[in-house]
Amino acid sequence: MEFIKKNVILLLIVGLLFSSAGIYYDDCSYNKSNRMSGHAKKSSMHTQEQSLQPGDLIFQTSLSDQSRAIQLATGSRYSHCGIIFKEKDQLYVLEAVRPVKRTPLHKWIKRGKDEHYVIKRLKEAEKTLTNSVIQEMQKMGQAWEGKDYDTAFGWTDDKMYCSELIWKLYNRTTGLQIGQLEQLKDFDLSSEIVRNKLTERYRNHTPLNDTVISPAAIFNSKLLETVQM
């Protein structure tokens with residue numbers, strides 16, 4: 001009987017050792033897999049970044065409190081956009097938020113919903129976006145840095161919103177109109193979410209005839225082609 005007890009105890013100990021080894025192996029494999037996955041993701045991101053060019057436009061679904069209203073009013077998934085430039089071999093996004101500023105590309109991407117984004121490029125960009133034009137764009141954009149975000153979507157340069165910044169940069173440096181200019185009354189204002197946002201911004205005096213440019217209008221411009229999504 002004593003012999004049997006000893007064998008049972010020995011078997012239990014051996015079983016526990018193998019079980020622990022299996023857990024350790026699984027944990028190591030999981031961590032290794034995660035590390036490999038993270039490395040592959042970084043490598044893929046690096047490859048994608050290498051294909052980007054100054055003047056490319058980037059779109060995302062913003063997580064801001066006005067994002068849903070913009071989506072409903074314009075019928076588009078994308079509610080925020082910016083323009084890509086390079087400085088000291090680093091890509092950044094010039095964007096109109098609070099305030100107009102430069103944001104490193106990887107940080108800009110992480111800020112959007114599910115880190116999803118789309119890159120659009122001017123067709124035959126190499127013919128229009130010469131080095132001198134890009135430099136002029138950057139100089140103009142730098143002069144706008146620090147401007148407050150335009151919650152009223154006005155058309156002056158005193159304040160800026162995201163799609164306005166892109167449209168004016170392109171128009172004033174190349175003469176191109178990237179996206180059809182519209183008026184507030186052209187959007188779908190039927191949603192309660194949209195109406196509430198308009199009331200919050202304008203009270204009872206919504207400027208329906210004011211000129212505006214939306215992220216959707218730029219996104220759908222026939223002058224652009226999709227290079228990443």
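The values are calculated or read from the model by the stated rules, or taken from the named source; none is laboratory data. Computed from a predicted model, the values in this text were never measured in an experiment. Note that each Cβ is placed from the backbone with ideal geometry, even for glycine, and that neighbours are counted across all protein chains shown. When the accessible area is computed, the model is the full protein with side chains, heavy atoms only, and any ligands, DNA or RNA have been set aside. Shrake-Rupley method; radii C 1.70, N 1.55, O 1.52, S 1.80 Å.
Observations
- Its alpha carbons give region 39-228 an Rg and a Dmax of 16.3, 53 Å.
- Of K86/K222; K127/K197; K86/K185; K185/K222; K139/K197; K127/K185, those spanning more than 31 Å from alpha-carbon to alpha-carbon: K127/K197; K86/K185; K139/K197; K127/K185
- Residue-by-residue Karplus 3J(HN,Hα) for region 174-184, coefficients 6.51, -1.76, 1.60, Hz, glycine and proline x: 10, x, 7, 10, 7, x, 7, 5, 9, 10, 3
- Relative contact order (%) - region 117-229, alpha-carbon pairs under 8 angstrom, separation at least six: 41
- The order of H106, H116 by accessible area, most exposed first and with a 1.4 Å probe, is H106, H116.
- Debye intensity ratio in log₁₀ form over the Cα atoms of region 96-194, taken at each q of 0.11, 0.18, 0.21 Å⁻¹: -0.42, -1.10, -1.34
- Mean separation of Cα contacts under 8 Å, 6 or more apart, over the residue count of region 39-228: relative contact order %: 25
- Couplings 3J(HN,Hα) of region 95-104, computed from phi: 9, 9, 10, 10, x, 4, 7, 9, 10, x Hz, in residue order, whole Hz [Karplus 6.51 cos²θ - 1.76 cosθ + 1.60, θ = phi - 60°; x for Gly and Pro].
- When you filter the GluC sites (Glu not before Pro) in region 61-142 for DSSP loop state and at most 13 other Cβ atoms inside 10 Å of their Cβ, you are left with E124.
- For D150, the residues whose modelled amide H falls within less than 5 Å of its own, excluding neighbours fewer than 5 places apart on the same chain, are M160, Y161.
- Backbone amide hydrogens, once placed in the peptide plane, bring Q228 within less than 5 Å of I119, excluding anything fewer than 5 places away on its chain.
- Per-residue Karplus couplings for region 157-173, computed as 6.51 cos²θ - 1.76 cosθ + 1.60 with θ equal to phi - 60°, are listed in order as 8, 4, 10, 9, 10, 4, 6, 5, 4, 4, 4, 5, 4, 5, 5, 7, 10 Hz, Gly and Pro entered as x.
- Taking amide H as placed 1.01 Å from N in the peptide plane, the amide H of W155 sits under 5 Å from none that are at least 5 places away or on another chain.
- In a DSSP loop and with at most 12 other Cβ atoms within 10 Å, the trypsin sites (Lys or Arg not before Pro) in region 111-157 are K123.
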